[in-house]
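A quick write-up on the structure given underneath.
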Amino acid sequence: MKTLLQLNTSLFAAGGQSSQLTDKFVATWKANNADANVIVRDLASNPLPHLDAEHFLAYIAKPEERTARQQELAAAADALIEEIKSVDVIVLGLPMYNFGAPSTLKAYFDRIARAGVTFRYTANGPEGLLTGKKAYIFATRGGLYAGTPLDSQTTYVRDFLGFLGITDVEFIYAEGLNMGEESKQAALAKAQDQLEELAA
């Protein structure tokens, strides 16, 4: 049985365009995988605190040497790691805010990147340990950025996932959403067509 993890990062939670696209993809995917399991994590409704020294030191401390507080912090991050390790498919809603990814996504990424757990360093460089997964990224933007130097999101997300061993990554763009109603509807319709094909 396959398991899918849906990550929504829009500050508008379920109302965001990226969240609506991921919802539609997951609904279509679920219809074609009736016995599958779906996990939904909304990082706007349930945000993670940004990484600080206390959290970082808890993660890198040896388990047997952690204080009670460090054990608590590490356990919360461990649960996120076990969750993503258990899934086959990842669906990420990725709105663009001020030319970057939502800070809530960065906070999530900071918790699942763990040396020796989700990646390891070797004589040939880092090696990702979360292999065998497929990721679909629904990138929504007010303007037109894909393929330009201003699109920092695509490189960042692809590189981060690749660092963890997730290299089968598909980006679906819905751009020009703030460039008039005609542009918005055309972009959403194109993304809808793509998601239906990919979720089949």
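The values are calculated or read from the model by the stated rules, or taken from the named source; none is laboratory data. If you're wondering where the values come from, they're calculated on a predicted model, not measured in any experiment. Glycine gets a Cβ as well: all are built from the backbone with ideal geometry, and neighbour counts include every protein chain shown. Note: areas computed on protein heavy atoms with side chains; ligands, DNA, RNA excluded. Shrake-Rupley method; radii C 1.70, N 1.55, O 1.52, S 1.80 Å.
Among the residues examined, residue 57 does not qualify as surrounded by 15 or more Cβ atoms within 10 Å (Cβ to Cβ) and of a type in the set (A, V, I, L, M).
Scanning the range 94-124 for residues that are open to solvent by 20 Å² or more (accessible area, probe 1.4 Å) and either among the basic types (Lys, Arg) or on the phi > 0 side of the Ramachandran plot (or both) yields a count of 6. Mind checking which pairs have a first residue in the range 65-85 that is outside any helix (DSSP H, G or I) and a second that is not basic (Lys, Arg), Cβ under 8 Å, 6 or more apart or different chains? Taking only residues 6 or more apart or on different chains, the pairs are 66/58; 66/74. Among the residues of the range 6-38, which ones are open to solvent by 50 Å² or more (accessible area, probe 1.4 Å), assigned to a helix (DSSP H, G or I), among the aliphatic types (A, V, I, L, M) and closer than 22 Å to residue 107 by Cα? Within the range 6-38, just 14 meets the criteria. I'd like to check something: does the range 93-113 contain any residue that is basic (Lys, Arg), touching a residue at least 60 places away in the same chain (Cβ under 8 Å) and either over 30 Å from residue 145 (Cα atoms) or in a helix (DSSP H, G or I) (or both)? Yes.
A Cβ distance below 7 Å, combined with a sequence gap of six or more or placement on separate chains, defines the contacts here; from the range 115-133, residues that are among the hydrophobic types (A, V, I, L, M, F, W, C) reach no residue that is open to solvent by 70 Å² or more (accessible area, probe 1.4 Å) and in a loop (DSSP other than H, G, I, E, B). When the criteria are applied in full, residue 155 meets the requirement of being among the β-branched types (Val, Ile, Thr), out of contact with any Leu (no Cβ under 7 Å at 6 or more places or on another chain) and exposed (fewer than 13 other Cβ atoms within 10 Å of the Cβ). Is there a residue being within 20 Å of residue 22 (Cα to Cα), assigned to a strand (DSSP E or B) and in contact (Cβ under 8 Å) with a residue 12 or more places away in the chain anywhere in the range 145-168? The answer is yes; a qualifying residue exists. State all residues of the range 172-187 that are within 18 Å of residue 20 (Cβ to Cβ), touching a residue at least 12 places away in the same chain (Cβ under 8 Å) and surrounded by fewer than 17 Cβ atoms within 10 Å (Cβ to Cβ); if no residue qualifies, say none. Passing the criteria: only 178.
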